[in-house]
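Written out below as structure tokens is the structure these notes cover.
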Amino acid sequence: MRSSFVRIIIVCSALYALACGAFFAVLACSRADKEIWWGAAAFVLATAAIFAGYLLSLRSRMIEILDKLSLTVQSLIDGQDKQQFPVSEDNLLSKLQDQVLKLSGILRMQKLRYKEEGEEMKSLITDITHQLRTPLANLNMYNGLLADESLPPDKRTEFARIMRDQTEKLTWLMDSLVKISRLESGIIEIRAERGNVADTVLAAIKTAYPSAEEKELEIALEGSRSVQLLHDAKWTGEAIGNVLDNAIKYTPAGGSIKVTVERYEMFARIDVADNGRGIPEAELAKVFQRFFRGASSSDTPGVGVGLYLARKILAEQGGYVKVSSEPGRGSVFSLFLPVDTAEIV
């Protein structure tokens, strides 16, 4: 840019010289006296001095601007947002600086997001590897035991049942991991449509009922039977079903589960309350973490992804989930979805 500025000065000087030459040529043709010649010469010299001073000042200003722009860019490269031009001045350079700093902020946020996504993916792969190791090791071990021809029939039947359970666990785990990875990568798109969320809750209860019936658990649906709102019925049903499945697992045989649907000013609330074993206070903040299993959960089937998925699905729709619990008295999981202009019939 500096060489371009030098070329501009040369061109302007040449044009000025031509103009002066033309001016003196006109004077020569008019045969002006010496006083006019000296006056014209003085005028030309004065304007030349002024013009030269202006060009030098402009050149100095341009160099200063270029140096400041260079410092601004260098500060961005160094990860700093130093302002070289006063933001209070409403001029082109201040506006340009502001836009460059905004662009730098956007690029920095994108870099941070990509880094977080990379760390999240790394964590997910580590969790998947850890979760797959146990059932695969069990399958390999029992497969070796079944190969023993001297194994008694009752043991063979028992080991075959264990292998079937491990295979079912592995299948369910893989399905859950696929759902998690698709949700977190954005492959699955939540398609919200206006519908009655109470119908979605009822469908989830019907799906979970066979498991509840095996333990002689009673599931009751209370509250409003018609809350219209935008939601993805399939994925919302999945979230509710996961919470119900959790309640069924941790409620002793003969217990009860109450599901309540209510509409508030900004949210629809779905409560799933059980009278099961409850959750220790120290674990309440962890139950929605991926693959979290409580200290007293070793005798209960599961891998700790159901509640995590429920939270993720609700978050994708602008909702959230929370839990309150007391050990020995049960838990209440509350699911919230925004209603906006929902109407209750």
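For this structure, a couple of remarks:
- Whether segment 126-185 is rounded, prolate or oblate, judged on the alpha carbon gyration tensor where a/c under 1.5 counts as rounded: prolate
- Relative to one another, the C-alpha centroids of segment 165-183 and segment 245-293 are positioned 22 Å apart.
- A simple packing score, the average count of other Cβ atoms within 10 Å per residue, orders the peptides 283-289, 333-339, 254-260 as 333-339, 254-260, 283-289, with the highest score first.
- Percentage relative contact order, segment 193-338, counting C-alpha pairs under 8 Å, at least six apart: 24 percent
- Dipole magnitude for segment 193-338: computed about the Cα centre from +1 point charges on Lys and Arg Cβ and -1 point charges on Asp and Glu Cβ, it is near 300 debye.
- Taking every alpha-carbon pair under 8 Å whose residues sit at least 6 apart, segment 126-185 reaches a relative contact order of 41 percent.
- Each Lys and Arg Cβ is given +1 and each Asp and Glu Cβ -1; about its Cα centre, segment 126-185 then shows a dipole of about 120 debye.
- Mean separation of Cα contacts under 8 Å (6+ apart) over length of segment 161-229, as relative contact order %: 37 percent
- Global form of segment 193-338, assessed from the alpha-carbon gyration tensor, a/c cut-off 1.5: prolate
- Ordering of 313-319, 273-279 by burial proxy (mean other Cβ atoms within 10 Å per residue, highest first): 273-279, 313-319
- Per-residue Cβ neighbour rank within 10 angstrom, fewest leading, Ser60, Ser226: Ser60, Ser226
- Loop-located trypsin sites (Lys or Arg not before Pro) in segment 211-241 whose Cβ has at most 16 other Cβ within 10 Å (DSSP): Lys215, Arg225
Since every read-out is calculated from the coordinates, none of them should be taken as a lab result. This structure is a prediction, so every number in the text was calculated from the model and none was measured. As a convention, Cβ positions derive from the backbone with ideal geometry for all residues, glycine included, and neighbour counts pool all protein chains shown.
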